[in-house]
Amino acid sequence: MVALGLATVLAACVAPDEHGSTVKVAPQPTLPQRPWSFEPLGESALPKVRNTAWPQRDVDFFLLTAMEKKDFKPAAPADARTLIRRLHFDLTGLPPAPGEVEAFVRTCNDGNQKAETEKLVARLLASPHYGERWGRYWLDLARYVDETASWLEKTSSAHLYRDWVIKAFNDDLPYDQFVMRQIATDQMGLPPADRHALGFLGLAPTYWKELQLPPDIIKGTVADEWEEHVDTLSRTFLGLTLACARCHNHKSDPITHEDYYAVAGVFASVRHAERPTMGDEFWLPVKKARASVVALEKERDQLKKKKPVPADFTNQVAVLEKKITDFKTGTPHFNMAMATAVEDAALFVIPAANNKGTTLSFQPGKARDLELMKRGDPNKLGDIVPRRFLSAFPAKDGQPRRFTTGSGRLELAQAIVQEAAPLTARVIVNRVWKHHFGRGIVDTPSEFGFTGEAPSHPELLNDLSARFVKNGWSIKWLHREILLSAAWQQNSIASESELRDPENKLVARMPRRRLDFEAWRDTTLAVAGTIDRSFGGVATPLTSDKNVRRTLYGTVNRHELEPMLRIHDFPDPAAHSASRTETATALQMLFSLNSPFLLAQADALAARLEKEAGDSLNARVTRAHGILFQRAPTAKELALAARFLVGRETDKKAWSEYAQALLASNETQFVD
Amino acid sequence: MNLPISRRDAIARFGGGLGTLGLMASLPGTMSALPNPGASARTLPHFRPRAKRVIHLFMNGGPFGPDFFDPKPDLNKFAGQRPEDADLRTERPTGGLLPVPFKFSNHGKSGLPVSELLPLTAQFADDLCVLRSMHTDNPNHGPALLLMNNGTMTPRVPAMGAWCSYGLGTENANLPSYVVLCPGRPVRFSILWTSAFLPSQHGGSYINHSNLDPKAMIPWLHNPRTTPDAQRKQLDLLAEMNREHLATRGGADAALQGRIEAMETAYRMQFAATDAFDITRESAAVRENYGKGHFANGCLMARRLAERGVRFIQVYYGDGQPWDTHSNHDASTRKLGANIDRPIAALLGDLKQRGLLEDTLVVWGGEFGRTPVSENGNGRDHNPHGFCMFLAGGGARGGMGYGETDRFGFKAVKQRMHVHDLHATLLHLLGVDHERLTFRYAGRDFRLTDVHGNVAREILA
């Protein structure tokens, strides 16, 4: 029996049903109609609103008109303390320092809230911590890992892709460039140092292929890999479930069975590769020197095993060691960073020479078009499908763009940001919106076809996406449009809206949002004063008590996800994750109650309170609330602390227990 | 210490499965697992369950059926030969038929044949439903392990235990709903119990029980610094701060309440889990009955967890793949047989005595079987074409052998049962229609059985 696996589950691809606002599917073979998200972008005239004083930005007009139609009123504006906490977490994933808070509140109280908020947004967008916060969101989509199983392709330079992503956000690399470089930077005439961008493809999951098995089986595994790559590419950039078309025409979107193979052919024409990040003039000598070192090391190791031991053994080893050292120190850029990337090479799965088992035959520089696989079965082939873009997005000549240069990665990337620009722009605008508002305009952020949710504010998304493209695909521009809106600056307490619109589809309030694990752990380190704010570099295990770096620098292993991450809703890095599920489980709370990490940070926070606030109980408790919650404690909170600490006011352990309770509290983990 | 479970606890996010969704909807203050639009099942179970929980005894590496439950006299008759009419090819070079040195006799009222390797387990012959015609798709450990555990060979879908937890929730909010016991690491490790795209609380809690101290088994179960009383006081403070925080925010935020409740559950779990995983609390007589060794300890722990309402428990036989007998097959198998016989018999007896076997489904088997022909002279290669498993209790018909392999025990030939069929049957016994337990992800309605699976109705009691 042939290895079908996921291939066959595709037959179960869903047709729209009674859930949500999907539409009926046209019967096959007529292709389904084009979904709203494929239509061209266009700016709209601002809708009329009754409450003309409320809107601050264009998005507010669209939101307010929808509210007014349903007789909703926006919530009151959030106060300055709430606002600065919200802004810091949204943009950097770290809490504001107490001094910053007080200065901001003072200026706002002087009547300068609007200008001061604009300044704060600009300052936070310029912070290098911004890229860490937003880069991590991207890494969920890119199923980023630092390590994979030992028997699979190596990922030793994974962190350089992660750092590339962080830098791209910090530099506000235009999103269309950001997309293209991750698919084809090596074909864009950019410096080789940019090859780290290819980690998006280079870190893709691979599956074990036992080459003793016949090609029929191995072809199934290889086809499953291609499917993963097509799936991640299409969901990440286009919000489309293109992999649904591996076995048949897509059941609800105008994507044909052929479309799938036309794109999958690109992945059949690349292979994982570690690639140099400098030009050939530097790389070729390094390549040669590295090969020499490998050969010399082999010679040395064989010498060490030799029996009987040669007479001048010590001398011989020393000579070899010297040669090795000379190569390493004498070759410029010997330790040049390598990119975990891909290169063009067509893969053919063929019988091994002796007809026992399988050979994976890679043909460097070549590309291949795939045969259509009937019902997704790599052993039931149909006609060859030339590599090209999706038929639903024709180029100017009316035909989908053909992929003719190498694997076609660059042409694929171009088509994504040109022919499919309306879709590509809507998808990223919606992702950013969802991170800021807790809910997307389309709340299925990687499904923009008919199986996904219909947009709550289609004109808003249309207009905002059009202006996003017009403003150079600038993500930072998009942040400003959202964060400076009246909608985003609403209060999160609005009982009428909570009651009448529990899902907050109308955005008549700001939803209360929980920090993800990264932001919570980082906050813990920041308030305890132990945080190491250094940027980038090799990942280190979160299990180490000494690890006080930001959480996104903790090691992620695809084969064995660290339990600390797993229990805190970190997505399975074996696949693209469109958004995280939020759970509140007892295992998470055990981590809060008992983990050495939290105990150590509680000690540090208690010590900080003692140092900064002296011996007075009230002063320490007040300082704690300032650091953690950006506000003074209430009388009741002071009384609670006093009752807990009574008779133990000088006991460090008691203060640590108090600090731990604060770190584990809901107010620490939630943002209003 | 087993504390009573409140209604609210039972549906806290920790264990909230689909089966509890109806209840959740009626409790606005509870953080519920978000009903997935693709979760076509509105109410679970779909029909009356015969089993409430599963204990899966996993012989990682793959046992050979004709050693235990599928007597094949022709193996001995044609020992050393490769009869021309039989296609016995596998992936690696193999020799002639390797005879089985273990004697069979019939047991119980049913007369079910069991070999001399399992004399104690054989006493439960009338409870065993032996599946002799299992088959799978791939002769490699990794893909076969994935197919058996996750229903697909591609490592990105949820494990069957995760599906059960998701579909049925837990009966004890103070314990994880899906527990995996392994004294070490099976090949492919944690992907075999992943929740994948299901909410993470449904993933298996992996317990390495080679150290029997519960504190060593479960991360963060124990606070090294404090006493239960002092921690209670700290939690009271935290709860009051959280309630104050909630009150100033309208008092009805389910996410805030969910964390407050989960914190209390965690406090109780420290005692409940310490108790559940501590087999030293069993009497000397019970310990002796199970025998010594990791597998015996795992079986006893499994019984304790089943008693306490854990939904899905897997006991891996051992580290790596101890049943992967590419050489010295007979000697190894004799040892392995001796190591599992007493614990399995003790487990079945214990469950029976406590009235738990009725609604606990015990599953025994590996990821595939082994070849009737020899490898390396005295070993056996992997065989995905035909292998044996058994079910006991939980609505499986006892005292029966289901299906047949060919005369050498190589390929399943009659009443063939694919792994998908096993999963469909297993879910059926749990009251779940395998076609209706789905989760929408990436545009598809995923399910444990892919697009396959037939319930083997003949084996239902």
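The table below gives the values:
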item: Odd one out for A:T524 among (1) touching a residue at least 24 places away in the same chain (Cβ under 8 Å); (2) among the hydroxyl-bearing types (S, T, Y); (3) within 12 Å of chain B (Cβ to nearest Cβ); result: (3)
item: Test: residue in the range A:28-48 that is at pLDDT below 50 and either surrounded by 14 or more Cβ atoms within 10 Å (Cβ to Cβ) or away from chain B (no Cβ under 14 Å) (or both); result: yes
item: Which listed residue is in contact with a strand residue (DSSP E or B) (Cβ under 9 Å, 6 or more places away or on another chain), at pLDDT 95 or above and not small (G, A, S), from B:P63, B:P93; result: B:P63
item: Failed criterion for A:I493 (all others in (1) touching a residue at least 24 places away in the same chain (Cβ under 8 Å); (2) more than 25 Å from the chain's Cα centre (by Cα); (3) over 28 Å from B:E264 (Cβ atoms); (4) not in a helix (DSSP H, G or I) hold); result: (3)
item: Matching residues, the range B:157-210, being assigned to a helix (DSSP H, G or I) and free of Cβ contacts under 8 Å to residues at least 40 places away in the same chain; result: B:F189, B:S190, B:S200
item: Strands (runs of 3 or more DSSP E) wholly inside the range B:367-461 containing at least 1 residues that are hydroxyl-bearing (S, T, Y), at negative phi and touching a residue at least 12 places away in the same chain (Cβ under 8 Å); result: B:369-375, B:400-402, B:438-441
item: Boolean, A:W488 is within 18 Å of A:D172 (Cα to Cα) and either in contact (Cβ under 8 Å) with a residue 12 or more places away in the chain or not in a helix (DSSP H, G or I) (or both); result: no
item: From B:R48, B:R82, residue being closer than 30 Å to B:L181 by Cα, of a type in the set (K, R) and either touching an Asp or Glu at 6+ places or on another chain (Cβ under 7 Å) or surrounded by fewer than 20 Cβ atoms within 10 Å (Cβ to Cβ) (or both); result: B:R48
item: Top-ranked residue of the range B:192-235 - restricted to ones that are of a type in the set (S, T, Y) and out of contact with any Pro (no Cβ under 7 Å at 6 or more places or on another chain), ranked as farthest from the other protein chains (Cβ to nearest Cβ); result: B:T227
item: Conditions (1) buried (at least 19 other Cβ atoms within 10 Å of the Cβ); (2) under 27 Å from A:T236 (Cβ atoms); (3) more than 7 Å from chain B (Cβ to nearest Cβ); number of the one not met by A:D569; result: (3)
item: Those residues of the range A:568-609 which are part of a loop (DSSP other than H, G, I, E, B) and acidic (D, E), in sequence order; result: A:D569, A:D572, A:E582
item: Residue in the range B:72-86 that is closer than 24 Å to B:V419 by Cβ and modelled with pLDDT of 95 or more present; result: yes
item: From A:A245, A:A193, residue being over 21 Å from A:H559 (Cα atoms), touching a residue at least 12 places away in the same chain (Cβ under 8 Å) and within 13 Å of chain B (Cβ to nearest Cβ); result: A:A245
item: Failed item in (1) within 17 Å of the chain's Cα centre (by Cα); (2) within 11 Å of chain A (Cβ to nearest Cβ), with B:A173 passing the rest; result: (1)
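The values are calculated or read from the model by the stated rules, or taken from the named source; none is laboratory data. The model shown is predicted, which means the values in this text are computed figures rather than measured ones. No Cβ is skipped: glycine too gets one built from the backbone with ideal geometry, and neighbour counts run over all protein chains shown.
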